[in-house]
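**Q** First the structure, then my questions, so here it is.
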Amino acid sequence: MAEGVLGLVKKSIEVGELQSFKINGSCSVDMLQFADVTLIVGESNWKHVWALRAVLLAFELVSGLGINYHKSKLIGINSNHHFLEAVSQFFSCKLEDSNFYFLGIPIGYNPRKNATWNPLLSKLKNRLDGWTNRFLNLGGRITLLKSVLSSLAIFTLSFYKIPRMVA
């Protein structure tokens with residue numbers, strides 16, 4: 001199903017209804033997907049809003065699936081707040097702050113600030129706290145640390161350099 005949405009977005013870009021977001025003029029982003037999470041990136045103007053609405057309606061008609069707009073979120077970066085409120089009412093979705101988490105990665109937060117890393121550190125601490133009263137040898141401790149770190153932190157660390165104070 002994810003391929004269907006991607007195909008509709010690409011076709012809409014091809015005909016000029018939607019525009020992908022250009023990064024340094026060499027790379028463009030229009031949509032990010034992982035499992036059932038989809039992030040569609042675009043300009044904040046009414047032409048794009050109507051084009052996106054048409055893409056989503058076409059997807060619903062073709063696939064027979066419905067999009068749960070009440071679970072969907074609109075995130076505006078450097079956009080007029082009144083425009084974003086109008087668009088969130090148009091789609092019947094929630095308006096989200098420009099700082100958010102996508103697949104556990106903090107987006108919009110400053111990765112150089114220690115506060116950005118607090119949610120990850122608390123997850124690590126909670127995971128390790130369950131093992132404090134267990135008697136583990138050095139090999140067991142290393143295995144535990146590797147499993148906790150690889151499952152929680154490696155993904156975030158592949159995007160951001162960890163500050164020395166956090167490490």
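**Q** Condition first: within 17 Å of residue 93 (Cα to Cα) and assigned to a helix (DSSP H, G or I). Now tell me which residues in the stretch 33-65 satisfy that.
**A** Of everything in the stretch 33-65, those that are within 17 Å of residue 93 (Cα to Cα) and assigned to a helix (DSSP H, G or I) turn out to be 46, 48, 49, 50, 51, 52, 53, 54, 55, 56, 57, 60.
One line per residue, one yes/no per condition, for (1) within 20 Å of the chain's Cα centre (by Cα); (2) of a type in the set (Val, Ile, Thr); (3) in a loop (DSSP other than H, G, I, E, B):
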{"position": "78", "(1), (2), (3)": "yes, no, yes"}
{"position": "83", "(1), (2), (3)": "no, no, no"}
{"position": "95", "(1), (2), (3)": "yes, no, no"}
{"position": "112", "(1), (2), (3)": "yes, no, yes"}
{"position": "121", "(1), (2), (3)": "yes, no, no"}
{"position": "144", "(1), (2), (3)": "no, no, no"}
{"position": "147", "(1), (2), (3)": "no, no, no"}
{"position": "151", "(1), (2), (3)": "yes, no, no"}
{"position": "155", "(1), (2), (3)": "yes, no, no"}
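**Q** Pull out all pairs, ordered by first then second residue, where Cβ-Cβ is under 9 Å, the residues are six or more apart or on different chains, the first lies in the stretch 62-87 and is under 22 Å from residue 21 (Cα atoms) and open to solvent by 80 Å² or more (accessible area, probe 1.4 Å), and the second is of a type outside the set (A, V, I, L, M, F, W, C) and modelled with pLDDT under 90.
**A** Taking only residues 6 or more apart or on different chains, the pairs are 73/96; 77/44; 77/98; 77/108; 78/44; 78/98; 80/44.
**Q** Which pairs do you get when a residue that is in a helix (DSSP H, G or I), found in the stretch 2-21, comes within reach of a residue that is modelled with pLDDT of 85 or more and among the aromatic types (Phe, Trp, Tyr), reach meaning Cβ atoms under 7 angstrom, with the pair 6+ apart or on two chains?
**A** The qualifying pairs are 4/59; 5/59; 8/59.
**Q** Consider the stretch 95-120. How many of its residues are open to solvent by 50 Å² or more (accessible area, probe 1.4 Å), closer than 22 Å to residue 32 by Cα and touching a residue at least 24 places away in the same chain (Cβ under 8 Å)?
**A** Residues flagged as open to solvent by 50 Å² or more (accessible area, probe 1.4 Å), closer than 22 Å to residue 32 by Cα and touching a residue at least 24 places away in the same chain (Cβ under 8 Å) within the stretch 95-120 amount to 2.
**Q** Give me a count of the residues in the stretch 41-52 that are in contact with a helix residue (DSSP H, G or I) (Cβ under 7 Å, 6 or more places away or on another chain) and either aliphatic (A, V, I, L, M) or modelled with pLDDT of 90 or more (or both).
**A** Residues flagged as in contact with a helix residue (DSSP H, G or I) (Cβ under 7 Å, 6 or more places away or on another chain) and either aliphatic (A, V, I, L, M) or modelled with pLDDT of 90 or more (or both) within the stretch 41-52 amount to 2.
**Q** Related question: Considering only residues that are surrounded by 16 or more Cβ atoms within 10 Å (Cβ to Cβ) and not hydrophobic (A, V, I, L, M, F, W, C), look in the stretch 2-37 and name the one that is nearest to the chain's Cα centre (by Cα).
**A** 30
The values are calculated or read from the model by the stated rules, or taken from the named source; none is laboratory data. Model, not experiment: these values are computed from the prediction. Positions of Cβ are backbone-derived with ideal geometry, glycine not excepted, and every protein chain shown enters the neighbour counts. Heads up: the accessible areas ignore ligands, DNA and RNA and are worked out on the full protein's heavy atoms, side chains in. Shrake-Rupley method; radii C 1.70, N 1.55, O 1.52, S 1.80 Å.
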